[in-house]
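Engineer: One structure, pasted below without further comment.
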Amino acid sequence: MLSPRTVRFGLLAVLTALIFSLLGALFLAPPAEAQGAILNGTLKAQGESVVGVVVVVSDSAGEEVGRATSGDDGKWEVPITKLDEYLVSIDVTSLPEGVGFKEGATNEVLKEIDAWTREKFPVGFRLEDGGAVPLLTIDPLWQRILQRAVSGLRVGLLVALAAVGLSLIYGVTGLVNFAHSEMVTFGAVTAFGFEAMAPSLPFVVPVFLGIMAGAALGFVLERGLFKPLRKRKMNNISLMIVSIGLAFVLRYLIAIYFGTEPLAYKHYLLQTERNIGPIALPPKDLVIMPVALFLLVLVGFLLQKTRIGTSMRAVADNPPLAESSGIDINKTILAVWIAGSALAAAGGIFLGLTNIVEWQMGEKLLLLIFAAVTLGGLGTAYGAIVGGLAIGMASEMTSMVPFLGPDFKFMVALVVLIVILLVRPQGILGVRERLG
Amino acid sequence: MSHNSELILAAIDFSKLFGTPIRAMINVQAAVFALAAVGLNLHYGFTGLLNVGMVAFMAAGAYGMAIIVTQGVLGGSVLFAILIGLIFAAFIALVIGVPALRLRGDYLAIVTIAIAEVMRVSFRSTKWLEWTGGPFGLPRAEERSAGISLGDRIGEDWNPLFAADDPTRTWGFWQLEFNMRDLWFMIVGWLLVILCSVMVWRLVQSPWGRVIKAIREDEDAARALGKNVFNYKLQSLVIGGVIGALAGLLRAFSSGFVQSDQFKPQTTFFIWTALILGGAASKWGPVIGAALFWGVLLFVEELVRQLVDNGWIPEWLISPTDVSQVKLIMMGVMLAGLMIWRPQGILGKKEEALLDVR
Amino acid sequence: MSDNPVDHSIAKEKAAAVLATVADEAGSSKPDAILNVQNVSRSFGGLKAVDVKELHVQRGIITAFIGPNGAGKTTFFNLLTGFDEPDTGTWQFDGSELAKKPSHSIAQMGMVRTFQLTKSLGKMSVMDNMLLGAPNQQGEKLSFSLLRGLWRKQESEVRAKADDLLERFNMTHMADEYAATLSGGQRKLLEMARALMADPALILLDEPMAGVNPALVQSLLGHVESLRDDGVSVLFVEHDMDVIMGISDWIVVLAEGSVIAEGTPAQVSKNPKVIDAYLGTEDGMAASDGRRGEDAQ
């Protein structure tokens, strides 16, 4: 099925992205010292400030770093200068009459400061009726990494879903379709519409309808717009520019008729995270991720085992040869448009489920999709999948690096895109001769 | 004429319907876009470079200048700041060009958008808020609410039309009244547009331009004739980039501030549409295109707005809040339509318009 | 311009005289080589497209590269002129090493090539095409280009030269037309004329007769021979045996990427290795011997 070389490359890509981001997270050493950082908190019991309580802070070696007394507003603060695991404890003898800790709770909290992400690190004790609950629980580092990795996997799967279509369309027609991102939005938005029309139906129905709608739009665009234009002998650069215009039309039609307000699917408004082993996931993710994976596997199956899938690969590889072998190019092109748009719509619906449904969601994803596709290799579906996963992982993992803000998630994808284009434009799985 | 159409005509405020677009056609914003289109014309029209990141150069010029002014280098000398902005843009051109110019057309397009976005996100990031003003931009919040604007020096101190004792004085007629600051920027802006258009045209008519046009059509042919294609493309990128920086500077000065939202990919697509509308690879195409672009867009917007306000377009179809989005749909239609039916735009030549896939 | 057949016989005899001393073996050395090639090879995937161990090209004569389809002739051309990178090898032009030099540098050094699918710049005029061919134009430098005064004089000199060449190739009346309006054969002429603007020492013609109207072939051939008469070394790839036999002074035969034979037309047509290589193909040696009918499959 997949050549050993392909599999190796794919694994290499994902592994590289993972290692890169892990290294980044772990080894971009934050400065050891800092000025002006404090541990602080506000002591209250049933809404009332607790005054005059002594808070003692010690470092991991047991040395006292400082102590403070809570003021009239219940606030206390102790300056710290190094990264360490601190023991923050309340001197019980200083508690006023009638105030204590909850049964079973202690007067001590361990607070680990492993990065200078901010200046003030709050530590809380709730004193009520003799009860105290440390407000912050800190997960160990490995757990946070695992959480991020799962998050990265989820993002990666969604990006992959959206990217496959773009890559296939390019592979088979040579067109870089800028309007592909709007397919993502379109899917999410139509599913939303279907849900709104019949809220009592199980959510699967709007999802299915949304995907069908996406497929239908793909059909309409290919047959109604791009095929006639190809007949007119328009070259691919001109068509690319047409697709840019198309993207605007679709995006702003959605803006007008869906609105600019971000909205969530009613069925899954807000879910509390459930713990699965060390990771916390909302239950919807537990459905989305396997379904997305299943769809991608389905794509692989389609490409390898069905006739239409084989013709897709053949046309992407060598159009004149494919045509002379009797493959109906137009049918193949229509098939990639339908399949690609359907997948993008699915990606959009899932994205809407995990985040929110809004008119710009596709636009925000566009460059990520491009990054995924170029990383994996423009023109191959497997490349898009590998690229999508790698980009998803890399961008989620780098948000662990305290040094960089959330902006930089996006940047990472862009930087990857730029570097790949300059160093190995055909991507990981692409073939050299396809260029120029 | 039917009863209905008389009613429609009666309800329309023709003065505003035509005045608004005409005003937009001569305003500073049109000049800014014309200037950017002149730069893009050199890149794409004459050299065939698919630069979809023109905003990167505009941002380089605008932010480069703004940072220098805000940091008070050389006493806040505006001229020095402008120089730095231009140099920064040239630098960006080199940074883009050296690695990316080897790439084929559609790959170059993607790289240029990506680099422009990297710049925008960097400027917006709170990481360097000290320098760039982060999401709020420059001048920083406190200064801006105090009324400080980047354009004060040029717009007031160096403005012969401006009278400090009568700062809100306007000149003009009908819908075309402008205050002295805007008027000055319009004059300076359009002069720059003409200057740059002429310069680019002269370059293109020279032997250097001949090589550029050959490269646009067939790089290998140019190489076989002994021309160092890479150098020429880089030179074109730098010059067009500096012109783009001028556009960014003009906008920064006339609006008085820089802010990362001014440099989204959308703006690049506007410039593209303007260029193609006017006619790529022509002398005055960028100018006509930019002016017409805003004219058409605002005409459509104004028309739709009035029809909606008067009830001639039902609210379920387009509501008053949607009107501003309509012009963007219009832009998409214009861009696609032009590429399909008239890729040479208004002033371009058909033989030269259709680029072969490289 | 004139319809009188130009007399190439003097130059032809001179060439024959020089070549009389050369051994008709692959890789044989030449008395005055303008191009020397050592160990140039290029593989695509697992297939070795070019593998030339040694080759010397004599100055001032017309050397033809022939071989069955897929023998690697155009690939070899691309490698020599910098349009493709070899896996191994070095080659020198007039003493200067060319390996790793970019294609535009090689052209600037005086080794100019044309293309099988003509690269005449269709969206530019014939005259503009010609003007592009001239080397060392001051006006082409960015720093000079804005000030017309700095390059005006040179430009008119270049234009005069272009006029001369256009006249020689009978294309003066087309000077202001877009090159795209030219016929296939005229475009070949244009490319040749354009290449001559650089006064090259060595010109490599990649299938100059391909796709040319048979009526024009003779005229084109005459121009090629005139090149040699003027002292330009000519290297060309061709399939058409009549053409090759007619005008070549020396022939190099390639098969499956390697040089299998060299010699004068007479020597090569009798070389058994060459006949083997061409056996069964229509444009084989049999054709020129008139034995086509007998040997047809």
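Engineer: By count of other Cβ within 10 Å, fewest leading, how are C:87, B:322 ordered? Write out the running numbers ahead of the final one.
Structural biologist: Details: C:87 15, B:322 21.
Placing the least packed residue first, the sequence is C:87, B:322.
Engineer: Ok, one more. In whole Hz, with x marking every Gly and Pro, tabulate ³J(HN,Hα) for segment A:311-317 from phi via Karplus 6.51 cos²θ - 1.76 cosθ + 1.60, θ = phi - 60°.
Structural biologist: Using θ = phi - 60°, the values come out as 5, 4, 5, 5, 5, 5, 7 Hz.
Engineer: Within 10 Å, at most 13 other Cβ atoms, and a DSSP state outside H, G, I, E, B define an exposed site. Report the longest part of chain C free of exposed GluC sites (Glu not before Pro).
Structural biologist: Working: sites that count: C:25, C:282.
Answer - C:26-281.
Engineer: Using the Cα centre of chain C as origin and beta-carbon charges of +1 (Lys, Arg) and -1 (Asp, Glu), tell me which of C:83, C:251, C:221 is placed farthest towards the positive end of the dipole.
Structural biologist: Positive-most Cα among the choices belongs to C:83.
Engineer: Going by average Cβ density within 10 Å per residue, which order do the peptides B:294-305, C:30-41 take, highest to lowest? Walk me through the numbers before you get to the answer.
Structural biologist: Details: B:294-305: 20.5, C:30-41: 18.2.
In descending order of packing, they fall as B:294-305, C:30-41.
Engineer: What does the average come to when, for each residue of peptide B:72-84, you count the partner chain Cβ atoms lying within 10 Å of its Cβ? Walk me through the numbers on the way to the answer.
Structural biologist: Details: counts 0, 0, 0, 0, 0, 0, 0, 0, 0, 0, 0, 0, 0.
So the per-residue partner count for this stretch is 0.
Engineer: Any lysines with Cα under 16 Å of the residue C:153 Cα? List them, leaving off those in the same chain fewer than 8 positions away.
Structural biologist: Qualifying lysines at Cα under 16 Å: C:141, C:161.
Engineer: Loop-only check: which trypsin sites (Lys or Arg not before Pro) in segment A:188-240 are DSSP coil with at most 12 other Cβ within 10 angstrom? Don't jump to the answer; show the numbers that get you there.
Structural biologist: Working: sites: A:223, A:230, A:231, A:232, A:233; in loops: A:232, A:233.
Those that pass, being in a loop and sparsely packed, are A:232, A:233.
Engineer: Nothing charged except the Cβ atoms of Lys and Arg (+1) and of Asp and Glu (-1): what's the magnitude of the dipole of the protein assembly as shown about its Cα centre? Round to the nearest 20 debye. Don't skip to the end; give the middle numbers.
Structural biologist: Working: 89 positive and 102 negative charges, 251 e Å.
Dipole of the protein assembly as shown, to the nearest 20 debye: 1200 debye.
Engineer: Cα centroid distance between segment B:264-316 and segment C:237-279, in Å?
Structural biologist: That distance is 65 Å.
Engineer: Considering only DSSP beta bridges with both partners in chain C, what is the antiparallel share in %, to the nearest 5?
Structural biologist: On the way: 23 of 39 bridges.
Of all bridge pairs located within chain C, approximately 60 percent are antiparallel.
Engineer: Something else about it: About the Cα centre of segment C:61-187, how large is the charge dipole given +1 on each Lys and Arg Cβ and -1 on each Asp and Glu Cβ? Please answer in debye to the nearest 20.
Structural biologist: Details: 14 positive and 14 negative charges, 33 e Å.
Charge dipole of segment C:61-187: 160 debye, to the nearest 20.
Engineer: Please report the antiparallel percentage of DSSP beta bridges with both residues in the protein assembly as shown, rounded to the nearest 5.
Structural biologist: Details: 57 of 77 bridges.
Percent antiparallel among DSSP bridges in the protein assembly as shown is about 75.
Engineer: Determine the shielding of peptide B:336-342 by partner chains: average, over its residues, the number of Cβ atoms on other chains within 10 angstrom of each Cβ. If you can, show how the numbers build up before the last one.
Structural biologist: Details: counts 14, 2, 4, 11, 10, 1, 0.
So the per-residue partner count for this stretch is 6.
Engineer: With a ≥ b ≥ c taken as the square roots of the eigenvalues of the C-alpha gyration tensor of chain B, please select rounded if a/c is under 1.5 and otherwise prolate if a/b is larger than b/c or oblate if it is not? Present the calculation step by step, with values, prior to reporting the outcome.
Structural biologist: Values: a/c = 1.76, a/b = 1.16, b/c = 1.52.
In terms of gyration-tensor shape, oblate.
Engineer: In the P(r) worked out for the protein assembly as shown, what percent of Cα pairs fall beyond 40 Å?
Structural biologist: On the way: 339911 of 594595 pairs.
Beyond 40 Å sits 57 percent of the P(r) for the protein assembly as shown.
Engineer: Is chain C best put as rounded, prolate or oblate by its Cα gyration tensor, with a ≥ b ≥ c the root eigenvalues, rounded for a/c under 1.5, and otherwise prolate when a/b is larger than b/c, oblate when not?
Structural biologist: Details: a/c = 1.83, a/b = 1.45, b/c = 1.26.
The shape class here is prolate.
Engineer: Starting from the coordinates of the alpha-carbon atoms of segment C:108-202, obtain the Kirkwood hydrodynamic radius over all distinct pairs and give the value in Å to one decimal. Present the calculation step by step, with values, prior to reporting the outcome.
Structural biologist: Values: mean 1/r = 0.0731 Å⁻¹.
Over segment C:108-202, the inverse of the mean reciprocal pair distance is 13.7 Å.
Engineer: Report the normalised scattering of segment B:1-107 as log10 I(q)/I(0) at q = 0.10 Å⁻¹, calculated by the Debye formula with identical scatterers on the alpha carbons.
Structural biologist: Relative scattering, expressed as log10 I(q)/I(0), comes to -0.51.
Engineer: Right, another one. Quick check on segment C:54-120: take the gyration tensor over C-alpha atoms, sort the square-rooted eigenvalues as a ≥ b ≥ c, and tell me if it's rounded (a/c under 1.5), prolate or oblate.
Structural biologist: Values: a/c = 1.25, a/b = 1.17, b/c = 1.07.
In terms of gyration-tensor shape, rounded.
Engineer: Would you work out the charge dipole size for chain B about its Cα centre, treating the Cβ of every Lys and Arg as +1 and the Cβ of every Asp and Glu as -1, and quote it to the nearest 20 debye? List each step's numbers first, then the result.
Structural biologist: Details: 28 positive and 27 negative charges, 256 e Å.
For chain B, the charge dipole is close to 1240 debye.
Engineer: Of chain C, which part is the longest with no trypsin sites (Lys or Arg not before Pro) in a loop (DSSP not H, G, I, E, B) and with at most 12 other C-beta atoms within 10 angstrom? Numbers along the way, then the final one.
Structural biologist: Details: sites that count: C:100, C:291.
Counting at most 12 other Cβ atoms within 10 Å as exposed, the longest clean stretch of chain C is C:101-290.
Engineer: Separate question: Positive end of the charge dipole of the protein assembly as shown (Lys, Arg +1 and Asp, Glu -1 on Cβ, about the Cα centre): tell me which of A:50, C:108, C:175 has its Cα farthest that way.
Structural biologist: C:175
Here, each number is a calculation from the coordinates, and none is a lab measurement. In this text, all values refer to a predicted model and were calculated from it rather than measured experimentally. Glycine gets a Cβ as well: all are built from the backbone with ideal geometry, and neighbour counts include every protein chain shown.
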